[in-house]
Amino acid sequence: MKTSAVRVSGYGGPEVLELVEQEVPDPGPGEIRVHNRAIGVNFIDVYYRTGLYSAALPHGLGFEGAGEVEAVGAGVRHIKVGDRVAYASGPLGAYAAVRCMPASVAVRLPKSVGFSQAAAAMLKGLTVQYLFRQTYRLQGHETILFHAAAGGVGLIACQWAHTLGVKLIGTVGSEEKANIARARGAWQIIDYRREDLVARVLEFTGGAKVPVVYDGVGKDTWERSLDCLQPRGLMVSYGSASGPVTGVNLAILAQKGSLFVTRPTLATHIATRAKLEEASRELFAHMASGAIRIDVERSYPLAQVAQAHADLAARRTTGSCVLIP
């Protein structure tokens, strides 16, 4: 059978995204064929489109989606035809109406969670799960700094922190985004365009600074983030929205207070079936209870994928956006 899919044949801007018709094979051993009902759009997709993260060309795009299982391959036991499933990792290729993929990366989707909400929540929500519950396990009494608090990951982080009793200081780039983050549970907001980040963190913490900074922005916030950390604090650099952090002098960590730095990825934290199931259950439970609400701000037809990428890169979006095949 044939399906519509997005292909990248060369690195560059949104214009390199091609919508093509391609064959979808029957699922092999350990695989499932999924009819995607919604597909998540994330900054990691931009990284693969521009070549910041490399893959052999030409290649598909996207890691996150939700849909219905059309066929299962030999040896698949935990998923059957007709199941509603969601996924956040695995081979590139989520930007497609129908795809084959490893069954090991998909989880069954509760009926209480819609396809668009799942496609918008899986990668971002599991990212917050590993950041808050694994990389630096928050106990509920901390004050933390979280960059890009009004983005897709950030809004989930605001809600999750509030649920844990954690005071989240979020950075945003406009008053509109500040209001959105506050409404989702951010304790304090810093407008990085108008305010001094370090001075405001010192003010909010009474000079104590924070034990952990979660930074998905990268190059533009690296130095100032380090200045917001307490001695022996942890810098969690989990993304590169403004470009990668390069040329790091390790001595600066000593000078700023014997700091720790980590560059984690989701794949490492859901590397086993048990870890994936555990993290997904926690996310779905928060969604079902209403503690975490997923706002799908924009839905784009798959054919408008270039516009979706342009809006994301220009930071014209808040919350999450999805592609609808």
Q. Which length gain, in nm to one decimal place, applies between Ala310 and Val198 when the Cα-Cα distance is subtracted from 0.36 nm times their residue separation?
A. 37.3 nm
Q | Fraction of alpha-carbon pairs over 32 Å apart in the chain - percent | A | 28
Q) If we count every other residue with Cβ under 14 angstrom of Glu175's Cβ, Lys/Arg +1 and Asp/Glu -1, where does the sum land? A) +1
Q: For segment 201-218, just list the computed ³J(HN,Hα) in residue order, Karplus coefficients 6.51, -1.76 and 1.60, θ = phi - 60°, integers in Hz, with x standing in for Gly and Pro.
A: 4, 4, 5, 5, 9, x, x, 7, 6, 10, x, 8, 10, 9, 10, x, 8, x
**Q.** Reachable lysines from Lys256, criterion Cα separation under 16 angstrom, eight or more residues apart if same chain
**A.** Lys209
Q.
I'd like the FRET efficiency for Asp191 and Ala288, computed as 1/(1 + (r/R0)^6) with the beta carbon distance as r and R0 of 35 Å, rounded to 0.05.
A. 0.55
Q: Rounded to whole Hz and in sequence order, give me ³J(HN,Hα) for segment 241-246 from the Karplus expression 6.51 cos²θ - 1.76 cosθ + 1.60, θ = phi - 60°, writing x for Gly and Pro.
A: 4, 9, x, x, 7, 10
Q.
Please list 3J(HN,Hα) in residue order for segment 175-181, calculated via the Karplus relation 6.51 cos²θ - 1.76 cosθ + 1.60 where θ = phi - 60°; whole Hz, with x for glycine and proline.
A. 5, 4, 5, 4, 5, 5, 5
Q: Set the Förster distance to 22 Å, then compute FRET efficiency between Ile252 and Glu142 from the Cβ-Cβ distance, nearest 0.05.
A: 0.40
**Q.** Residues with amide H under 5 Å from that of Val76, placed H, sequence gap 5 or more
**A.** Gly30
Q. Using a cut-off of 15 Å between alpha-carbon atoms, which aspartates and glutamates can reach Lys124, once sequence neighbours fewer than 8 places away in the same chain are excluded?
A. Asp45, Glu64, Asp215, Glu282, Asp295, Glu297
Q.
Roughly how far apart, in whole Å, are the Cα centres of segment 195-271 and segment 1-52?
A. 33
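Laboratory data are not the source of any read-out in this text; all were calculated from the coordinates shown. Everything quoted here is computed from the prediction, not taken from an experiment. Methodologically, a virtual Cβ is constructed for each residue, glycine included, from the backbone with ideal geometry; neighbour enumeration extends over all protein chains shown.
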